[in-house]
Amino acid sequence: MPSVSETYIENRQRVQPTHTNNYASAHGGNVVKWMDEIGAMSAMRAAGETCVTANIDELDFKRPVPQGDTCVIESYVYAVGRTSLRTRIRAYRESPRTGERELTTESYFVFVAVDADGSPTPVPELEVAGERCRELREEALAGEPDEDR
């Protein structure tokens, strides 16, 4: 049984001119792609299976990631259903010289585990053992989008 902290992945992408919009900052589509890719990796760690995107909830762009900065993507699975995995994903802009970081984008993605035929397949339970696992899970649950909206 995988734990929440075992699904935690952090990856970096340097924002190059080919990644930018007319305002010399990361194009939103690129940021979403990077978030989706890292989120899927977290989901696959938890499921032990290939995972596909089923839902992206309330994708909020708070500030841009300028060209030349690094886009840091942080992802982890915090809850599972029978075949689904709820994943918290955040993006930060990071200065490559100082390491200074600022939250730019955040969302909750749901992935579904699929078998070789592309059919949904069950996922194992998620272990929430240890302080780090509990902190990550509680933080994700506290920030979940309101279902009543």
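The values are calculated or read from the model by the stated rules, or taken from the named source; none is laboratory data. None of these values were measured; they are calculated from a predicted model. Here the Cβ is made from the backbone with ideal geometry for all residues, glycine too, and neighbour counts use every protein chain on show. The protein model used for the area step is the full one, side chains on, heavy atoms only, and it has no ligands, DNA or RNA in it. Shrake-Rupley method; radii C 1.70, N 1.55, O 1.52, S 1.80 Å.
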Within the stretch 102-126, the residues that are more than 13 Å from Leu85 (Cα to Cα) and not aliphatic (A, V, I, L, M) are Glu102, Thr104, Thr105, Glu106, Ser107, Asp115, Asp117, Gly118, Ser119
Within the stretch 103-123, can you find the residues that are within 20 Å of Met1 (Cβ to Cβ) and either open to solvent by 50 Å² or more (accessible area, probe 1.4 Å) or charged (D, E, K, R) (or both)?
Asp115, Pro120, Pro122
Only one of these is exposed (fewer than 13 other Cβ atoms within 10 Å of the Cβ) and out of contact with any strand residue (DSSP E or B) (no Cβ under 7 Å at 6 or more places or on another chain): Arg45, Arg82. Name it.
Arg82
Going through the stretch 87-102 in order, the residues found to be of a type in the set (Ser, Thr, Tyr), buried (at least 19 other Cβ atoms within 10 Å of the Cβ) and over 12 Å from Arg12 (Cβ atoms) are Thr87
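Mind listing whichever residues of the stretch 107-149 are in a strand (DSSP E or B) and modelled with pLDDT under 95? It would help to see each step written out before you state the result.
Restricting attention to the stretch 107-149, the residues satisfying the condition of being in a strand (DSSP E or B) are 107-114, 120, 127.
The answer is Glu127, and nothing else.
Hey, can you tell me all the residues within the stretch 37-87 that are hydroxyl-bearing (Ser, Thr, Tyr), closer than 22 Å to Thr104 by Cβ and touching a helix residue (DSSP H, G or I) at 6+ places or on another chain (Cβ under 7 Å)?
Of all residues in the stretch 37-87, those hydroxyl-bearing (Ser, Thr, Tyr) come to 42, 50, 53, 70, 75-76, 78, 83-84, 87.
After this cut, where a residue has to be closer than 22 Å to Thr104 by Cβ as well, the list is 42, 53, 70, 75-76, 78, 87.
Across the stretch 37-87, the qualifying residues are Ser42, Thr53, Ser75, Tyr76, Tyr78, Thr87.
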